[in-house]
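Report on the structure given below.
Read the figures in this text as sums done on the coordinates, not as results from a lab. None of these values were measured; they are calculated from a predicted model. Cβ sites come from the backbone with ideal geometry, for glycine too, and all protein chains shown count toward neighbours.
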Amino acid sequence: METASERNEGKPVKILVFACRWCGGIGAERAGWKRADLPASFRVIPVECAALVEPDAVFRALAAGIDGVAVLGCHVGGCRYDEANHAALKRMELLKVLLDTAGIGGERLCLAFGTAHEDHQFAAVMGDFHRLLQGMPPLAPWTGGGDEDSPRSVGT
Amino acid sequence: MKEIKDMSRDLLERREVDGVLGLRQGAYDIVEPHVFRDPGETSLLVTEPKWPMAKTAMKVLRDAPEGFRLAVVARGCDERALTELAKRNQVRDRNLRIIGVACTEARAKECLCDRPYPREIHGGRQEPGADPFEDPRVRALLEGDSRERMNRWASLLRRCIKCYGCRNACPICVCVPCKLEDEIWVEKGSVPAEMLVFHLIRAFHLSDTCVACGACQEACPVFIPLLSLQLAMRRTLKEEYGYEPGMERDRRSPVLKNAFEEPGTRKSVPAWVSPLEENHD
């Protein structure tokens with residue numbers, strides 16, 4: 001049986017970050033300017049608001065081989081679009097329940113709220129998330145990469 | 001069921017409704033949904049087997065002339081589905097009446113149903129529902145650590161022949177166009193369906209809407225226990241917000257509201273939110 005550490009020897013953990021362009025996105029950029037200590041294997045997609053991140057996009061990312069998805073928004077109460085980040089928060093909480101049910105693990109989805117000047121905390125969140133994902137098994141059975149107990153089915 | 005037949009006949013005789021949608025025992029032992037318009041015809045009305053009526057009712061009402069008053073012989077799940085459809089403006093429930101059938105305890109167990117009766121019961125007796133999480137079938141699917149669950153669900157969903165039966169049978173799935181037919185999300189022509197995307201998008205779109213009727217898994221030709229994917233989300237909504245899909249006509253899903261209107265029982269900011277705000281005054 002392949003262990004998580006074996007997997008991670010050759011393969012870096014991939015993280016996809018959806019960052020709201022008002023807060024989380026600026027925080028991410030500033031962390032880069034300041035040369036904060038960041039894991040190398042994340043990519044940021046700026047979005048207008050965290051509430052614009054469709055839960056479906058999280059599935060798409062995981063299916064494409066991403067190990068974890070982070071969604072960054074403004075502080076609750078500090079959203080540029082009034083209460084849109086509340087909706088994002090509630091939706092993502094339900095999404096974590098579904099990911100847990102299916103055995104993917106809700107931890108693969110990281111939701112964080114901060115402001116633009118909290119770049120040092122962005123670095124901390126990314127570091128923690130990266131460490132967490134390193135300890136998790138690969139998603140291979142789900143993405144069709146083979147698994148332990150059943151043969152792969154025949155395609156069309 | 002005699003009470004249901006009598007009530008249907010009375011409603012039609014008194015012209016309180018223009019039609020009754022129910023199951024008809026036809027020739028050659030064929031049971032099918034039918035809109036009864038003639039009071040005499042209601043002797044052919046049967047209530048078995050379980051038949052998902054909500055979407056049929058929706059289509060009947062959509063094709064009927066304006067102001068057509070329809071009564072539907074509905075079980076608890078059918079009624080909840082119709083309520084959810086009405087919330088989405090898919091059914092004009094002003095002209096809709098429910099003739100409520102309560103299910104037996106055995107059926108509730110079979111269906112993993114925790115509420116096997118409609119709000120108003122016209123036939124049958126109210127029986128206690130079954131807790132789906134006590135059911136051995138569900139427990140076997142949801143137990144174990146996440147690695148076991150991942151392998152279990154992956155091997156179950158790998159059976160999928162992508163017939164779209166789960167979506168088509170679902171009383172709530174009515175979107176046009178459907179994301180599962182959009183190439184951006186779901187690759188066309190690949191079987192089995194890309195599991196993680198196809199099945200989880202479908203499951204999540206129903207997260208706050210699923211009335212747990214089980215039509216998806218009954219329709220599945222390869223016996224994927226799809227309802228068990230929804231149960232944990234339903235439980236979360238109930239525990240967190242006291243929300244059960246299909247129960248309150250005028251209450252929108254708490255997921256669509258802000259954290260002041262529907263804060264949830266625990267706190268306004270759930271504990272799992274990573275503490276970016278630490279050290280922040």
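Each part gets one Cα centre, and for region B:188-253 versus region B:90-123 those centres are 19 Å apart.
Here, P(r) means the percent of Cα pairs in each 10 Å bin from 0 to the largest distance; for the protein assembly as shown it is 4, 19, 27, 23, 15, 7, 3, 1, 0.
Shown here is the pair-distance distribution of region A:11-141: with all Cα-Cα distances grouped in 10 Å bins from zero up to the longest one, the shares run 14, 46, 34, 6, 0 percent.
In plain terms, the chain from B:Ala106 to B:Glu181 could stretch by 23.3 nm, reckoned as 0.36 nm per residue minus the Cα-Cα distance. Annotation for region B:52-68 versus region A:21-89: alpha-carbon center distance of 43 Å.
With a cut-off of at most 14 other beta carbons within 10 Å, and DSSP calling the residue loop, which trypsin sites (Lys or Arg not before Pro) in region A:31-111 qualify? Please list them. Those satisfying the criteria are A:Lys34, A:Arg35, A:Arg80.
Estimate the FRET efficiency between A:Glu54 and B:Arg94 by the formula 1/(1 + (r/R0)^6), using the beta-carbon distance for r and 45 Å for R0, to the nearest 0.05.
0.85
Every helix of 4 or more DSSP H residues in chain B counts as -39500 (n - 2.57), and over all residues that averages to -10000 deg cm²/dmol at 222 nm. For the peptide A:112-119, the mean number of other protein chain Cβ atoms found within 10 angstrom of a residue's Cβ is 3.
What GluC sites (Glu not before Pro) in region B:132-215 are in a loop by DSSP, with at most 13 other Cβ atoms within 10 Å of the Cβ? Here the GluC sites (Glu not before Pro) that fit, given the DSSP loop and packing criteria, are B:Glu143, B:Glu183, B:Glu187. Just so you know, the averaged projected area of the alpha carbon convex hull for region B:133-256 sits at 8.4 nm².
In this model, which of B:Lys5/B:Lys59; A:Lys96/B:Lys257; A:Lys14/A:Lys96; A:Lys96/B:Lys50; B:Lys87/B:Lys109 are farther than 30 Å apart at the alpha-carbon?
A:Lys96/B:Lys50
Taking the square roots of 5 times each eigenvalue of the Cα gyration tensor of chain B, largest first, gives ellipsoid semi-axes of 36, 23, 19 Å.
The longest part of chain A holding none of the exposed loop GluC sites (Glu not before Pro), meaning those outside H, G, I, E and B in DSSP with at most 14 other Cβ atoms within 10 Å, is A:49-147. Between the exposed loop cleavage positions of chain B, defined as chymotrypsin sites (Phe, Trp or Tyr not before Pro) in a non-H, G, I, E, B DSSP state with at most 11 neighbouring beta-carbon atoms within 10 angstrom, the longest gap is B:1-222. Loop-resident GluC sites (Glu not before Pro) (DSSP state other than H, G, I, E or B) in region B:6-45 with no more than 14 further Cβ atoms inside 10 Å of their Cβ: B:Glu16. Once both labels are positioned 7 Å from their Cα atoms along Cα-to-Cβ, the gap between A:Arg80 and A:Asp37 label points is 3.2 nm.
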